[in-house]
Every structure is written in structure tokens, then in C-alpha cells.
Amino acid sequence: MSPAASESWGIVGGGVLGMTLALRLAQQGKKVTLLESAPHVGGLASAWSLGDVVWDRHYHVTLLSDTVLRALLRELDLEREIQWVQTRTGFYTDGKLYSMSNAIEFLRFPPLGLLSKARLAGTILYASRIRDWKYLEQIPVAEWLERCSGKKTVAKIWLPLLRAKLGENYKITSAAFIWTTIARMYAARRTGLKKEMFGYVPGGYARILERFYRMLVQENVDVRVGQPTARIEAADEGGIRVTLAQGGEARFDQVVVTTAAPIAAQLCPSLSAEEKARLTGIQYQGILCVSVLLKKPLAGYYVTNITDSWVPFTAVIEMSALVDRRHFGGNSLVYLPKYLTPDDATFSISDEEIQRKFLDALFRMYPHLSAEDVLAFRISRVRYVLALPTLGYSDRLPSMTTSIPGLHIVNSAHIVNGTLNVNETVQLAERALPQLLAPAGQPGVVV
Ligand SMILES: Cc1cc2nc3c(=O)[nH]c(=O)nc-3n(C[C@H](O)[C@H](O)[C@H](O)COP(=O)(O)OP(=O)(O)OC[C@H]3O[C@@H](n4cnc5c(N)ncnc54)[C@H](O)[C@@H]3O)c2cc1C
């Protein structure tokens, strides 16, 4: 084996990104150790128990257009099991629930006049055709939408939707955000008669991650869970030293940190001031994501967008409108996400209060439900989920290769012209690989 082939690599963060990097490096003959702080791999995509049901902690679907993820699932021998289902979309506005699943329903949608509807449809079509996206990074998203859809549609539809996902941070977010969101939404409807097709693997991400974990072990990756990293720096004897929070340390020839950018900055104190400023300058949205197991179905829409500001969550995701209810013991699985800035006080609200507020709103929106229909309720809180595409974002991104030889930082903030999803995450790992493997001294390139 050549010296480069036996090189030792440490990957910090065992989410899908870290797992994919670990797999590809091991397949190149590297000696790879994957360090994950949680007791299991998978990060944001991991599963948990909700009553008797084991399913994703955060709602996940696969799109027909997710070709890179589907290729990985093929390697895991799971792609052929994907269930493709035609789903419907709901819209909750002015205290009423509307179906917005096809063009006819859109034309009937009462809250907007015909002209506003035409401009809204025109905006979506226009955005879906944009290929040269870079200039969108210079325009605030609300300004761009107003130009395309007009003031009325922005006030009635876009602004409530932007506020729901971004809070007041919509003001610093560029038009690239809505472009990537529309592009993904449009990709879901690209096939057939513009019907929305979503997919899932029976068993959900628990099954995918279990298979992925086994493949890593087969490729001789040393997967260490329950091992939070505390500090990463150059080792005196060369290479990179990783100090573990629970004591002990390890030395690697190369280390890739895949955690969110502000965490990476904390973990690597000897980065230059400029590198730290770039990492901490990335603005994130976090999430409080509730899972509810119900005896009854809600309304049969996979996603229901909400524009009414009294509702304490951003959307309603009825997973059991997509996934066969037999996977949930004949019950319905619903997610109630609330996107928040990392310092939002809502993160500190007690479980009891969140449960009371969220269920009160859910029962008001769906009067056929009551407390006795609720079988289980669980809350996930994550402060760093989504790096916001702020104005001029890609010009301020840190390089993947740092000033410390052998230390690399690659994370979902490097997804510059796509939304956060597993397909983009796997693609990022594949894209980063040649750069990570480039000979030392080759300058880092901003993706
Ligand atoms: C609510 C929600 C809905 C989503 N819906 C979809 C969807 O429908 N379809 C889709 O394709 N994608 C979806 N995604 C996105 C998908 O989950 C992400 O693209 C993917 O999981 C990101 O993986 P990652 O490895 O980059 O990040 P993460 O999963 O955040 O991985 C980072 C890992 O680093 C670990 N870590 C942090 N600090 C340390 C430390 N000090 N030491 C060691 N380890 C550490 C964390 O525990 C974590 O496991 C959704 C995400 C969310 C939150």
C-alpha cells in the first residue's frame, strides 16, 4: 500500500455528510475514523421512537429528481424499495384549509384575484427556468418577489411564508433562497401531468442509516458514536490532534469537520481570525420540530403551508398522507415544525407549554380532532439547521481547506445553489472529495 493510501483520516460529525465522506475515503483505501457525539449516526436525518413507532425525528421525503441520493440508496440496495406516492398540498389561510394540488385548484383559490394568481404562477415558472443564479444573491428576497409577483401577492402569500420559515431574517436573505426552494418544488412536479411524486423507503431513515452504518463497518471505517469532540488542532508530531470531550485524544493525518459552521469555529481555536469570522458570520435558522402520533388522519395533504400568524408552527406535515399508515400501527404521524433563529427564546419554552400551545392550535385548525386522539407527542430542538443564503453569500463562504495543514471544514453551508436536503448533502460530499484528496499546499477553492 502506498503511504497516501494508508493515511489516517478523522471525520468529525456522523451525519449523512460525515458518513458519505467516510465511505468514499475508505473506498479510496484510507484508514477512516468517524467521530459522532450522539449515541447514533445520522444527525438531522436520524430516527427516534414516538410511542411504539420508530420513524424520522424530522420529516424526510425523497424526490424522483434526487439522483445522487438514489444512487447511494442503490449502493445500499434500498433504491428499488422506494415507494413513490402522488401527494397533495394544502394551504391554510384566513382560518380555512384549501387544496392547492393542481392548476384547477390553484385557479379556484379564493384569497387571490385572477391577476395576482397569474403573477404568482408566472413567478414560479420564471424562477424554475433561471439557470444563472449568481445575480439573485445580490437582491433581497422580498424585493425580488415584489418585482415578480406584485405587492398584493407578496403581502398575502409570500411574506407570511417567508416569515414562517425565516422569521425577520427574511430581510437579510437573498432571492437565491426562493429560487432554490421553487427549483426543488418544481423538480417534484416535473414528471407526468405536473403531479407531485414523493418517495420513502419502508422503515424510513432508521433503515437507511442502519444499512449505511453496516456498509461503513464493512469498509473498515471505525465508527465511534457517543464521542463528542472538544478540540481540534495541529499536533506537535505532525497531523491533527482531536481531543475528545470525555477524555482521551486521537491523532490523524487529515481531519474533516462536518458540523455546523459556528460549532466548527469553536472546535478549532487555532484557525486564523479571518477564518473564524467567516465561519461565525454564517447565519443559521434552527428548528423546533414536533412529532405527533394521532389516532385519526388530518386532511390528507403531505404539506400544508400556513399563512395565519396565530398558528405557532410553520407548516403541517402529514407524513401518513405519504407513508402507509400500517408503518405507524394504523395511526397518523404528523410533524409541526417551527423554524427559529438559534437565539430565539422559544427554544427554552418547556415541553408542557409547547405541547399545550401546539395542540390547541392543531385542534382549532382541525376541529374533528381532540386530546383523546393524541397517542404520543415529542419535541426535537436543533439550533443550527439551515445556513441562510444571505446577500452575497457565496463570496463570504469559508474555504473547505483551512490554514492548518490537514484540517478541512466541510458542512452544509457549502451547499450554495440548492436547498438543504440529503441529495444535496451526498452531492456535497462527492464534490468535496477531490479537493480533500488534492496534494497539500494546493490552494483551497470556495465552492
Ligand atoms: C426538519 C427537517 C426536514 C428535512 N426534510 C428533508 C427532506 O424532506 N428531504 C431531504 O432530503 N432532506 C431533508 N432534510 C435535510 C437533511 O436532514 C440534511 O440534508 C442532512 O441530514 C444533513 O446532514 P449533515 O451531515 O450535513 O448534518 P447533520 O445531520 O447536522 O450532522 C452533523 C453531525 O455532527 C454531530 N456533531 C455536532 N457536534 C459534534 C461534536 N462536537 N463532536 C462530534 N460530532 C458532533 C451532530 O451530532 C450531527 O450528527 C430535513 C432536515 C430537517 C431538519
**OP:** Take the range 274-313 and flag every residue that is part of a loop (DSSP other than H, G, I, E, B) and under 16 Å from Ser399 (Cα atoms).
**Re:** Gly281, Ile282
Subject >> Cβ-Cβ under 7 Å pairs, at least 6 apart or on other chains, the range 417-431 side more than 17 Å from Leu397 (Cα to Cα) and more than 9 Å from the ligand (Cβ to nearest atom), far side assigned to a helix (DSSP H, G or I) and not charged (D, E, K, R) >> reply: Gln427/Val68; Glu430/Val68
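Residue-by-condition table, conditions (1) modelled with pLDDT under 95; (2) in contact with a strand residue (DSSP E or B) (Cβ under 7 Å, 6 or more places away or on another chain); (3) farther than 30 Å from Gln83 by Cβ; (4) in a strand (DSSP E or B):
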{"residue": "His327", "(1), (2), (3), (4)": "no, no, no, no"}
{"residue": "Val334", "(1), (2), (3), (4)": "no, yes, no, yes"}
{"residue": "Pro337", "(1), (2), (3), (4)": "no, yes, no, yes"}
{"residue": "Phe347", "(1), (2), (3), (4)": "no, yes, yes, no"}
{"residue": "Ala361", "(1), (2), (3), (4)": "no, no, yes, no"}
{"residue": "Arg364", "(1), (2), (3), (4)": "no, no, yes, no"}
{"residue": "Pro367", "(1), (2), (3), (4)": "no, no, yes, no"}
{"residue": "Phe377", "(1), (2), (3), (4)": "no, yes, no, yes"}
Subject >> All positions within the range 196-232 that are more than 12 Å from the ligand (Cβ to nearest atom), surrounded by fewer than 16 Cβ atoms within 10 Å (Cβ to Cβ) and over 30 Å from Gln83 (Cα atoms) >> reply: Asn220
Subject >> For Ala440: the one exception among (1) at pLDDT 95 or above; (2) over 24 Å from the mean Cα position of the chain (by Cα) >> reply: (1)
**OP:** Name the one entry in Leu73, Leu64, Leu78, Leu97 that is closer than 18 Å to Ala183 by Cα and in contact (Cβ under 8 Å) with a residue 60 or more places away in the chain.
**Re:** Leu64
**OP:** Give the residue, chosen from Ala371, Ala387, Ala413, that is of a type in the set (Gly, Ala, Ser), within 28 Å of Phe347 (Cα to Cα) and surrounded by fewer than 17 Cβ atoms within 10 Å (Cβ to Cβ).
**Re:** Ala371
Subject >> Filter pass, Val446 being at pLDDT below 95 and either out of contact with any Phe, Trp or Tyr (no Cβ under 8 Å at 6 or more places or on another chain) or within 16 Å of the ligand (Cβ to nearest atom) (or both) >> reply: yes
Original post:
What number of residues within the range 32-47 satisfy the criterion of being near the ligand (Cβ under 6 Å from one of its atoms) and either over 21 Å from Pro337 (Cβ atoms) or touching a Lys or Arg at 6+ places or on another chain (Cβ under 6 Å) (or both)?
Top reply: 3
**OP:** Could you list, in sequence order, all residues of the range 244-273 that are among the polar types (S, T, N, Q) and part of a loop (DSSP other than H, G, I, E, B)?
**Re:** Gln246, Thr258, Thr259, Ser270, Ser272
**OP:** Answer yes if at least one residue in the range 273-284 is closer than 19 Å to Arg57 by Cα, in contact (Cβ under 8 Å) with a residue 24 or more places away in the chain and away from the ligand (no atom under 15 Å from the Cβ), and no otherwise.
**Re:** no
Subject >> Unique residue being touching a Gly at 6+ places or on another chain (Cβ under 6 Å) and aliphatic (A, V, I, L, M) when the list is Leu162, Leu145, Leu97 >> reply: Leu97
**OP:** Looking only at the range 127-159, count how many residues are aromatic (Phe, Trp, Tyr) and modelled with pLDDT under 85.
**Re:** 1
**OP:** Kindly provide the set of residues from the range 52-65 that are modelled with pLDDT of 95 or more and either within 11 Å of the ligand (Cβ to nearest atom) or surrounded by 18 or more Cβ atoms within 10 Å (Cβ to Cβ) (or both), ordered by number.
**Re:** Val53, Trp55, Asp56, Arg57, His58, Tyr59, His60, Val61, Thr62
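The values are calculated or read from the model by the stated rules, or taken from the named source; none is laboratory data. Keep in mind that what you see is a predicted model, and the values were worked out from it rather than measured. Using ideal geometry, Cβ is built from the backbone for each residue, glycine included, and neighbour counts are taken over all protein chains shown.
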